[in-house]
Each structure stands twice: as C-alpha cells, then as structure tokens.
1. For the pair B:MET29/B:GLU100, report the inter-label distance in nm, with labels modelled 7 Å from Cα in the Cβ direction.
2. Give the nm distances, rounded to one decimal, from A:ILE38 to the matching residue in every other copy, measuring between label points 7 Å along Cα toward the beta carbon; shortest first.
3. What nm distance separates the two modelled labels at A:ILE76 and A:SER178, each placed 7 Å from Cα along Cα→Cβ?
4. Measure nothing but the geometry: give the 0 to 90° angle between the long axis through the Cα atoms of A:82-98 and the longest principal axis through the Cα atoms of chain A, rounded to 10°.
5. Scanning chain B for trypsin sites (Lys or Arg not before Pro) in DSSP loops with at most 15 other Cβ atoms within 10 Å, what's the longest stretch left with none?
6. Considering chain B as a Gaussian network with a 10 Å cut-off on Cα pairs, which listed residue, B:TYR25, B:TYR106, B:TYR53, attains the greatest mean-square fluctuation?
7. Is the protein assembly as shown rounded, prolate or oblate when judged by the Cα gyration tensor, a ≥ b ≥ c being the square roots of its eigenvalues, rounded requiring a/c under 1.5 and prolate requiring a/b larger than b/c?
8. Taking A:LEU64 in one copy and the same position in all the others, each labelled 7 Å out along Cα→Cβ, what are the pairwise distances from the first, in nm, shortest first?
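Throughout, read-outs are computed from the coordinates displayed, never taken from laboratory work. For clarity, every value in this text was computed on a predicted model and none was experimentally measured. In this analysis, Cβ positions are derived from the backbone assuming ideal geometry, glycine residues included, and neighbour counts consider all displayed protein chains.
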Protein chains: 2
Amino acid sequence: MKDQQSNSLDKRVERSRTKVLAETYRQLMRNGIAGVSIDAISRQSGVSKTTIYRHWPSRSALLLHACAQFGGPAPIPDTGSLRGDLRTLLDGLAAQLADEMWGSVYPSILDAAERDPEIAALQSRMHRTFMAPFEQVLDRGRERGEPSVQGRGTGILVAELVGPLFFRRWFSREKIDSAFLADVLDSALVRRAGMRPLPHAASRKRTGRKKS
Amino acid sequence: MKDQQSNSLDKRVERSRTKVLAETYRQLMRNGIAGVSIDAISRQSGVSKTTIYRHWPSRSALLLHACAQFGGPAPIPDTGSLRGDLRTLLDGLAAQLADEMWGSVYPSILDAAERDPEIAALQSRMHRTFMAPFEQVLDRGRERGEPSVQGRGTGILVAELVGPLFFRRWFSREKIDSAFLADVLDSALVRRAGMRPLPHAASRKRTGRKKS
DNA sequence: CCACTACGATACGGTATCGTACTGTAACTT
DNA sequence: AAGTTACAGTACGATACCGTATCGTAGTGG
C-alpha cells in the first residue's frame, strides 16, 4: 500500500511537475496568460499531455498554481527613516518592472481579471502581496509620528508612490530613472511635512512642527 | 463603369460597415481585444462573414480600425488656474475610468501591445492622445510661471497625476473619489510652491477637519 | 524480485477560430 | 430596364486548442 501522505515524492512525479511548471513559466512570460496551451507545454517540455492532466485537473488549475508561486515574501527594509525605506522599496519595484518577466505577464493577468473572477481573486492576492511592504513601512512611519503621513490614508499614499511607476512601465513606456523616483517620493511625502527637504522658500513663518 | 473615387457610398456598404463596427465595439468592451472573433461578429451583427472580409482584409485590420476610432479630441479646459484645469482633467479621466468601456478594453490592449508591435504602436498613439491635454495644460502653466511646475519635466508630472488613477482602476481596484483626486493634485503640485495656500490643518487635534 | 505506479505515445471527439470558394438573390446605378 | 455590385448563406480546409481513452513501457519501492 502506498503511503499517500508520505513526504517522499516519487522522483518521476517531481520531475514531471518541475518540468511542466518551468515550461509554463516560460510560456507565461513569452505569451501572457492567454497564450499558454497545454499542448505546447507538452511539446516543449517533453512531458506527455496525459501526465500533465494527471497532476492538474485543468488548464486553469495549472495556470493558477503557476501564478500563485509568483513573488516570494518581499523583504521589508529598515533604513531608519521612512523616506529611506520607501526609496529602497521603490528601487526594488523599479528593478522588477524593468525585468522582462513582470512587464509581460502582468497586463495579461489584468486583462483576464476583468472577466474571470477566479483570476480577479488571484490578481487581488498578488497585488496585496506586493503592496504589503509599502503598507507596513508606511504604517510604521505613521506610528513613529512621521508628519508626512499623518492623517493620510495608506491607500492614497501607496497609489501616489507606486502608481507613477506602473504608469511609466505599462502606459507611457518611459524609463524609470533615479531622478523620477526621487521626485515621486518627494511629491508623495512632502505634504504637511513642513517642507523640510526644500527650505528654499523664504517662508517667514516659523516652522514649528511639534508632534502630538 | 463605376466611379471608384466617388464619395457617394453605396448604402449597402455603409450599412454593413456600420453594423460590423458596432458589433466589434460591443465585443471589444465585453471580451477584450483577444475575445473578438469574426464568426461571432458575423453571427451577432447579421452581416455575412464573406462581407466582413470584403471590407477588411483580416481580423487584425478590423481591430486596428475599430480601436483607432477611440477617444475623440479631448477638450482642453481653461479655468484660469493650473490647479483648476488639472482638476477638471482628472475629474474627466476618473469618469472615463469608471465607465465600463475603458476599464475593460485597455488592459487587453496593453497585453497585446507587449507582444504585437502593431498594437504597441496603436497603444502609443492612444496614450499620446489621452495625455495631450495634460501636457498642454502643464506647459501653459509653466509658461505662466506657475512655481509648482518650474524645473520639473512634464512627463514626471503627468505620471504623478495620472498614474495614481490608473493604479486604482486596474491594480488596486479601489474607488476614485474626490478626496483622492484632491490629494493627488496636492502632492503633484505642492513642490516648491511655497505651500502657503494649503492651510490644511495644522495637525492640531481639532477634530473634524471640515473642508476649509 | 515483483507488484505498483507513473509515464510516453497516440489517437480521438469536440469545439472554436481564420480565411476562402461558390451560389443565388437583392439592391443600387446609370 | 439592364447591368453591375454587394449581399447572405453555406460549406469548406486548415489550425489549434481542450480534455479523455487506451495501451504498452519504464522506473520505484517494498
């Protein structure tokens, strides 16, 4: 009798799964979620179609499984300052967007999400995973009394920080350089912060910023 | 002999073209660019497939023709102030994004643009058309000496203004309300503007921050 | 060593799509 | 009224999928 719950996986099974998933990733990156076909995966991976259906009940299941593996646990930076933490996150995001990977796959997921509720749920999960570090860093900043985030919703701040990057990657297709990131960061954080980063203006007003 | 260059179109021709294009739009909105099929258009519109191919050489040609008709000439507001003009544009954009139409079609265009250079060119044209009003308004503000846009690239400003809206519509799927637009506008424009015009609450614990 | 399991190969039925060919009919133009 | 043109209907060939069934083989684990 086979030990069903055994953690010792049949080598053959593991090999098949690995090869299928690898080929699925390749097709995802190259053709988007709509361009993934079981026949092609079978052809390219050398794994028989029968075997693929032995491990995943349907094409959708395989796609969901493959997509769900995306984006591991994002590290949460701790540079000491809110600005520094956010800059680190934005740099990482910019690098990911420049990668062929994301840029190619994500629009197809958005497209599918517009009509397929299952994929919409997947996209929602992925989005939350990717935005979580931003939210944590912002919340931490708020707890520490950072004036630039007081009284402003996290959702608004994330949109103002990340939105411009997504805009450049998928909509305007412009490069994301360091100056751009710096400006985005300044704009999102400068409010009621007492404009400390740029005290150029001769505001005779005393900048008395007292916390609580 | 038929007058080939005659501007008098055969009624039958015009009728067929109209019906086909109308059905193409419907399918575009409902199923995205990848979900448009000639067979379905023929079935739903009552126009024979043969006739469709008589007027458009291929499915791609029909799709490009249909998409190219999108987005008429956007009106350029003139409220007197840069902030007012931008607010008007953002309000209009938010309304368009809330419309089922755009929300559904655009991701599929982005997806296709990632792989099809012809559609990439189309998307580029569409994007420029939609962003043109923002650029004009910003340039006009810069010429008038508005401090908040001096020394800042138009591309950066557009990304900071529009990016957050796109982010909410397609990525985070949050509602775009008036408070959000106001915050986005403030953030994008506040730099080196002297922020004196923002008496936004001195972060006192005065409850209820009623709008001025 | 041997039962058991996963596997590859192949074929199949079913559906959906593109684009073309053919035929007879209706509408338009002159 | 006659000739030209566009049209609907239909059938077709060619692909490309999905998902299943069958069968013989090869690898695994006890």
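1. For the pair B:MET29/B:GLU100, the computed spacing is 0.7 nm.
2. Ordered by increasing distance: 2.9 nm.
3. Result for the modelled spin labels: 2.8 nm.
4. That helix lies at roughly 40 degrees to the long axis.
5. So the longest stretch without any such site is B:3-114.
6. Sorting by GNM fluctuation, first place goes to B:TYR53.
7. Note, shape of the protein assembly as shown comes out oblate.
8. 3.8
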